[in-house]
Amino acid sequence: MIQLENISKSYPDGTLFSNVNISLQRGVRAGLVGQNGSGKTTLLKMMLGKESTDSGNIKKEKNITIGYLEQEIIAGSGKSILEEVLTSIPEAIETEEKINSLSKKIKNDPNNMILVKKLGEYQNKFDSLDGWELKNKGETILSGLGFKKESFNEPLESFSGGWRMRVALAAILLKGPDILFLDEPTNHLDLDAAIWLETFLTSWKGSMIIISHDRTFLDRSVNQIIEIDLKHITLYQGNYSDYINEKKIRLDLHRNAYKNQQKEIKNTERFIERFRSKNTKATQVQSRVKKLNKMKKVEIPTEDKSKINLIIPEPMRSPLKIASCVNIKKHYGNIEVFNGLDFEVERGQKIGLVGHNGAGKSTLLKMLAGVEKSTNGSIQFGENITKGYYAQHQLEILDPNETVYDSFRKVTKGWSETDSRTYLGSFMFTGDEIEKLVKVLSGGEKARLALARMLVVPSHLILLDEPTNHLDMVSRKILGKSLSLFKGSIVCISHDRHFLNEVTNMTCEVGNGTVITFNGNYDYYEWKNKNKDKISLKVNNQKKNKNNYKDAKKIRNRINWIEKRFFKIEESINELQIIINNPENTSNHELLKNNLNEVNELENEYFSLMEEKELINKELQ
């Protein structure tokens, strides 16, 4: 479908990649990954023919149709968002216009068989384009991406850049091209819309190449990974998790090869230096000189930045109650967001806020941060509680004419230069990078700087609104690990499920003016929603018979069995983890895959039994 032959690309400040040879067949579902600035978007544009190569050829199958979602914000067109989506199939629009025009003419001249015949031809063509269903399909896609039905006829100009990107994505999905090129498609989506897109793409029959830093999204959407690293491009089979496992093996081999070659070079150079002046060893010396000159050097392995430790300063111990929302009402004009909301944040709780678009997640976060006030009710904080708040507007209020270092030093009075440089280094600002002006930073670099400025100030309560937007995989991993180790409280909104699972220990579903709490991370929340009907039915059947002695005994036996099963499940998971973590098994992909699947099944069973036991005990009280 797409063939890359000896592709190379360089810019004045260095080479992106060289001698790339990759063949992408029909049906490919590939994730394009690499550090920010490695050339992912450039490679995508080269495949599209929007960027030239320095050398080599890119061959594409003839007559393939392409859909491309760019990162840039699309301009307004004067059309409604539904019209904008439908114009992605201009042939259908033109055919419908001709049908309407002919229908009017036939109304005035019903016996004109030439017009009637032409109308039939256009109707058949419109039918072949599935024109009769286009509007319904467009509306379904817009709804899936978070648009409300009443907004379908609103002009594109009335929407923010993020929502315009959703319209562009909807147009591409309606068009149904042979191959999709998507550059960070989830960056402008909330969690519900990201899950909808993921589900939509699961049944997508065409091919896809996606740039994304959302690990869960890639795991569920692709079957190949194209990696840009060390100025080379490598194709891996499997999803992102498979790639991580395979990458670790290859990286270990690369490091060993590099170390062995460096050792060989040093020994050879030592021999040359020692015997250079001895005539009796001239032949051997010349032989080793030639060997060194011809040696194909193993490149220095990529620095594993994911091992960087980010230490978030801890505040003094807080009271148990961090924040309490009491009978909160919040209205925007006639729109009611909350009505009588009671919500608490306690010490050590790390809460992920989930819910459909417009449910009030960001509003709740802003009220906790003090950025917005409630219409009625009160928010009370524990004594001497300090807060840190991060949202996308923090990127906009950075002074563009300051350096990274000066911007950071504004919030770290009393810190030494060494301490400041060390802390900025944990946010991957090293060396001369701290002297960069804010105005030349990328979106990801600005996000890292804004996070560094916020997190460096000790806070009992950290409030985060989409903190992983613009961050690459490595930055997300470092941030997630540090927040998981933080001993204070966190309330966050994120469409990155891997991040939510790593950081949070509670999930709160916001919607219908209230909050429902789930005592677990996002995986637990998702599992519970999928299984709640099944569990309720089982417990209700047990509840009906609880007054009967024999049935009561069965229930007690059931609880005892569950307790014993817990112990066996934990034993089995521990045994499987020992096998999974054994270095000798790193190359046995089939064994690792089977064991990971078994661990997942056991964990699901554990969740199910835990929920059943809790509900039984609650009903029997």
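The values are calculated or read from the model by the stated rules, or taken from the named source; none is laboratory data. All values reported here derive from a predicted model rather than from experimental measurement. All Cβ positions, even for glycine, are placed from backbone atoms using ideal geometry, and neighbour counts span all protein chains on display.
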Hits in the range 399-447 - residues which are out of contact with any strand residue (DSSP E or B) (no Cβ under 8 Å at 6 or more places or on another chain), farther than 23 Å from N309 by Cβ and of a type in the set (S, T, N, Q): S442
Selected residue (only one of R288, R317, R276 is among the basic types (K, R), surrounded by 14 or more Cβ atoms within 10 Å (Cβ to Cβ) and either farther than 30 Å from H460 by Cα or modelled with pLDDT under 90 (or both)): R288
Selection count, the range 237-261, where residues are under 25 Å from N293 (Cβ atoms) and without any contact (Cβ under 8 Å) to a residue 12 or more places away in the chain: 3
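Take the conditions farther than 30 Å from N582 by Cα, outside any strand (DSSP E or B) and not acidic (D, E) and apply them to K259. Does it pass?
no
Looking only at residues that are among the charged types (D, E, K, R) and under 24 Å from the mean Cα position of the chain (by Cα) in the range 399-450, which one is farthest from V474 (Cα to Cα)?
Initial filter on the range 399-450 (among the charged types (D, E, K, R)): 399, 402, 406, 409-410, 413, 417, 419, 421, 432-433, 435-436, 439, 445-446, 448.
Retained after the next criterion (residues that are under 24 Å from the mean Cα position of the chain (by Cα)): 445-446, 448.
Working: E445: 13, K446: 15, R448: 12 Å.
Filtering the range 399-450 for residues that are among the charged types (D, E, K, R) and under 24 Å from the mean Cα position of the chain (by Cα), the one farthest from V474 (Cα to Cα) comes out as K446.
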Complete set of residues in the range 352-404 that are modelled with pLDDT of 90 or more and polar (S, T, N, Q): S362, T363, S374, T375, N376, S378, Q380, N384, T386, N401, T403
Helices (runs of 4 or more DSSP H) wholly inside the range 331-434 containing at least 1 residues that are without any contact (Cβ under 8 Å) to a residue 24 or more places away in the chain and in contact with a Ser or Thr (Cβ under 9 Å, 6 or more places away or on another chain): 404-409, 417-426
All positions within the range 48-99 that are in contact (Cβ under 8 Å) with a residue 12 or more places away in the chain, in a loop (DSSP other than H, G, I, E, B) and either on the phi > 0 side of the Ramachandran plot or small (G, A, S) (or both): G76, S77, G78, S88
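Let me confirm something: among I308, I312, which residue is modelled with pLDDT under 85, among the hydrophobic types (A, V, I, L, M, F, W, C) and not assigned by TED's automatic domain parsing to the domain that holds K361? Please lay out each step first, then the result.
Details: I312 fails: modelled with pLDDT under 85.
That would be I308, the only listed residue that is modelled with pLDDT under 85, among the hydrophobic types (A, V, I, L, M, F, W, C) and not assigned by TED's automatic domain parsing to the domain that holds K361.
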Residues within the range 129-170 that are farther than 14 Å from E83 by Cα, not hydrophobic (A, V, I, L, M, F, W, C) and not in a helix (DSSP H, G or I), tallied: 4
Within the range 92-138, tally of residues that are farther than 30 Å from I172 by Cβ and not small (G, A, S): 17
Residue within the range 112-119 that is assigned to a loop (DSSP other than H, G, I, E, B), outside the structural domain of Q392 (by TED's automatic domain parsing) and not basic (K, R) present: yes
Residue check, V457 more than 26 Å from L32 (Cβ to Cβ), crowded, with 20+ Cβ neighbours inside 10 Å and modelled with pLDDT of 90 or more: no
Candidate set: the range 344-367, residues that are over 21 Å from N521 (Cα atoms) and not basic (K, R); chosen: the one nearest to the chain's Cα centre (by Cα): G358
Lone unmet requirement of (1) surrounded by 19 or more Cβ atoms within 10 Å (Cβ to Cβ); (2) of a type in the set (D, E, K, R); (3) within 25 Å of K593 (Cα to Cα) for K248: (1)
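Hey, any hits in the range 222-240 for a residue that's acidic (D, E) and assigned to a helix (DSSP H, G or I)?
no
Matching residues to (1) farther than 21 Å from H232 by Cα; (2) of a type outside the set (K, R):
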site	(1), (2)
K259	no, no
K263	yes, no
K266	yes, no
S277	yes, yes
T280	yes, yes
Counted residues, the range 562-621 - those being modelled with pLDDT of 75 or more, over 31 Å from the mean Cα position of the chain (by Cα) and not in a helix (DSSP H, G or I): 0
Any hit, the range 455-463, residues being in contact with a strand residue (DSSP E or B) (Cβ under 9 Å, 6 or more places away or on another chain), free of Cβ contacts under 8 Å to residues at least 60 places away in the same chain, over 30 Å from Y240 (Cα atoms) and not β-branched (V, I, T): no
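Residue by residue, here is whether (1) among the basic types (K, R); (2) without any contact (Cβ under 8 Å) to a residue 12 or more places away in the chain; (3) touching a Leu at 6+ places or on another chain (Cβ under 9 Å) holds:
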| site | (1), (2), (3) |
| --- | --- |
| N153 | no, no, yes |
| R166 | yes, no, yes |
| P177 | no, no, no |
| E184 | no, no, yes |
| W204 | no, no, yes |
| I211 | no, no, yes |
| D219 | no, no, no |
Single unsatisfied condition, I106 versus (1) surrounded by 11 or more Cβ atoms within 10 Å (Cβ to Cβ); (2) within 33 Å of the chain's Cα centre (by Cα): (2)
Selection within the range 411-451 - surrounded by 22 or more Cβ atoms within 10 Å (Cβ to Cβ) and of a type in the set (G, A, S): A447, A450
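Out of all the residues in the range 576-615, which are over 23 Å from D219 (Cα atoms) and either among the polar types (S, T, N, Q) or surrounded by 13 or more Cβ atoms within 10 Å (Cβ to Cβ) (or both)? Can you show your working first?
Taking the range 576-615 as the starting set, the residues that turn out to be over 23 Å from D219 (Cα atoms) are 578, 582-584, 606, 608-615.
Within the range 576-615, N582, Y606, S608, L609, M610, E611, E612, K613, E614, L615 qualify.
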